[in-house]
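Reviewing the structure listed below.
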Amino acid sequence: MNIPLKPGSKVTVRLLKAPRPDVEYPAVVRSDDGEHLAVVAPWFGDEPRDMVLAGEVFARFEPGDVWTEHYWRGRWYSIKEVRTAAGELKGWYCDVARPATVYPDAPDAPD
């Protein structure tokens, strides 16, 4: 049984990026029903990052951007909504990924 995390809880999101280094950043739980977990997190990079497809920049992620990230414990994808610091929608981002594993009592979760 999946025990939902409490809205407002601080968590650490860890993205496993093998063979590249893993990425880890703090987030706050927006909602969790035991299957679908939504968290809010700032862009974790210090520098802007252009996302390029076929030689064209289709999005720029930059400090101040706010991500609402949707994870499922039983689905093989995650979906992220990206907004500017002013709240303007930049777009949506989807990863094909393994289902989320949630460790509610992780010792390295931020205060």
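The values are calculated or read from the model by the stated rules, or taken from the named source; none is laboratory data. Bear in mind that the values here come from a model prediction, so they are computed numbers and not experimental data. Glycine also receives a Cβ, built like all others from the backbone with ideal geometry; neighbour counts cover every protein chain displayed. In case anyone asks, the SASA skips ligands and DNA or RNA and just uses the protein heavy atoms, side chains included. Shrake-Rupley method; radii C 1.70, N 1.55, O 1.52, S 1.80 Å.
Here are some notes:
- Accessible heavy-atom area order of T84, T101, highest first, probe of 1.4 Å: T101, T84
- The largest accessible area among L89, L15 belongs to the first residue in L89, L15, and the rest follow in falling order (1.4 Å probe, all chains).
- On the principal axes of its alpha carbon atoms, the chain extends 45, 30, 23 Å, with the longest extent given first.
- Counting only residues at least eight positions apart within a chain, or on another chain, the lysines with an alpha carbon under 19 Å from that of K17 are K80.
- The order of D46, D22, D95, D65 by accessible area, most exposed first and with a 1.4 Å probe, is D46, D22, D95, D65.
- Counting only protein heavy atoms and using a 1.4 Å probe, the accessible area of Y71 comes to about 30 Å².
- Sequence ranges 50-59, 33-42, ranked by mean other-Cβ count within 10 angstrom, highest first: 33-42, 50-59
- Computed with a 1.4 Å probe on the full set of protein chains, the accessible area for S78 sits at about 10 Å².
- Per-residue surface analysis assigns R83 an accessible area of about 80 Å², computed on protein heavy atoms at 1.4 Å probe radius.
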